[in-house]
1. Listed highest first by mean packing, meaning other Cβ atoms within 10 Å per residue, what order do 238-251, 126-139, 166-179 come in?
2. I want the local charge near VAL179. Using Cβ-Cβ distances under 14 Å, sum +1 for each Lys or Arg and -1 for each Asp or Glu among the other residues.
3. Amide H neighbours of ARG230 under 5 Å, at least 5 residues apart or on other chains, H built in the peptide plane: list them.
4. Give me the net charge for the shell around GLN302: Cβ to Cβ below 12 angstrom, other residues only, Lys and Arg +1, Asp and Glu -1.
5. Along region 302-309, what does the Karplus equation 6.51 cos²θ - 1.76 cosθ + 1.60 (θ = phi - 60°) give for ³J(HN,Hα), rounded to whole Hz, x for Gly and Pro?
6. Out of residues 5 or more away from ASP279 or on other chains, whose amide H comes under 5 Å of its own, with H placed 1.01 Å from N in the peptide plane?
7. Calculate, for region 181-253, the solvent-accessible area per residue in square angstrom, rolling a 1.4 angstrom probe over the heavy atoms of the protein chains.
8. Kindly report the accessible area of region 64-151 per residue (heavy atoms of protein chains, probe 1.4 Å, no ligands, DNA or RNA), in Å².
Amino acid sequence: MSLSWPWALLALLVIPLVFAAWWLTRHRRRRTVVRVTSIVLVRTALPGRSRWRRRVPAALLALGLAVLAVGAARPQATVPVASSSATIMLALDVSGSMCSTDVKPNRITAAEQAASAFMKAQAGGPRIGLVVFAGTAAVLVPPTTDTKQLLSALGGLTTSFGTAIGDGILTSLDAIAQVDPSVAPTGATVERARGAGYADDVIVVLTDGSNNRGIDPQDAAHEAASRGVRVFTIGYGTDNPAPLACSSDQFGGFGGGVPGGFGGFGGGSGQAGNPFDADYNALMQISRTTGGTFYRAQDAGQLGRALARLPAVFTIVRKHIDIASWFAAAGGLLIAAAVGLSLWWNRTRRMPAPAQAPDH
């Protein structure tokens, strides 16, 4: 819970003032002397009160005033809310290393199949857009609810040189900005309110390499975070080197690549050892910066399960809801209960009629 007007908590100072006034009133009453002719009549007129009956109304009054003071500070609850206007940008790595056959039949084919199943499962739900990146990034399909258009674009993916993860994130951000006015395009100055919730839009980055082109992915992650757009990352592929084999339709503009060999592919990570490993630490940092989640997928089954779990995470967004009215109602009820109990327990009893002498 957060407070919109925390300075309003100064109203809590009313509580000690009320009790100070009550104490002064009681102190003055003690100085008053009342002469009566019969103590029995006084005891009969005064209500019989135990100690807890005297304290309960005072406690309820103090609690009611405290609750009203908190309500005056405009408390807000952060609650999960199902989003009906979410946009999901799927950014797919199409670097040359996606032809690796460590994931059968090869990485790019398995990724296409998993992404197709994911898009079919979201039919009729949030908008989905498709971005591909290798040496540069491009929007293949802007955010849409047309599943057929998305599936058609997936079927025509081709590989190329390089891995520009940062460019993929920024291109996805700009595609989101085209359909969601609350998300500023890249390059715009953004001042995000402290404690603001996440946007309804997310980016899912699927890559098998590390960035070796374009903008630094961490800089791109900060751009996304400043707009409240979470980035979910999937590190794809195994740690075992495997031959490259793509169909003729999947070979793209890197040229000279021969199925079964490693030469001519600049799309890997460039790390020591296996040049086709994803940079898992960098992907984790991207997700951590933006509030997203990192997943590891070493085969087609794990990739499919990772994508299937995502909608439950990012179609539920956290919203700040003003609950001041609830505090006002609760405070009013407590004060009303305090006044009611005090009046009831302090009511004046009717004195019995004096006994009449019997007639003789």
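1. With the highest mean Cβ count within 10 Å placed first, the list reads 166-179, 126-139, 238-251.
2. Its environment carries a net charge of -3.
3. Residues meeting the amide H criterion: ALA199, ILE203.
4. +2
5. For region 302-309, the Karplus curve yields 5, 5, x, 5, 4, 5, 5, 7 Hz.
6. HN-HN under 5 Å from ASP279: GLY209, SER210.
7. Counting only protein heavy atoms, the per-residue value for region 181-253 is 44 Å².
8. Result: 34 Å² per residue.
The values are calculated or read from the model by the stated rules, or taken from the named source; none is laboratory data. Please read all numbers here as calculations on a predicted model, not as lab measurements. Cβ: placed from backbone, ideal geometry, glycine included. Neighbour counts: every protein chain shown. Calculation scope for accessible area: heavy atoms of the full protein, side chains included, ligands and nucleic acids excluded. Shrake-Rupley method; radii C 1.70, N 1.55, O 1.52, S 1.80 Å.
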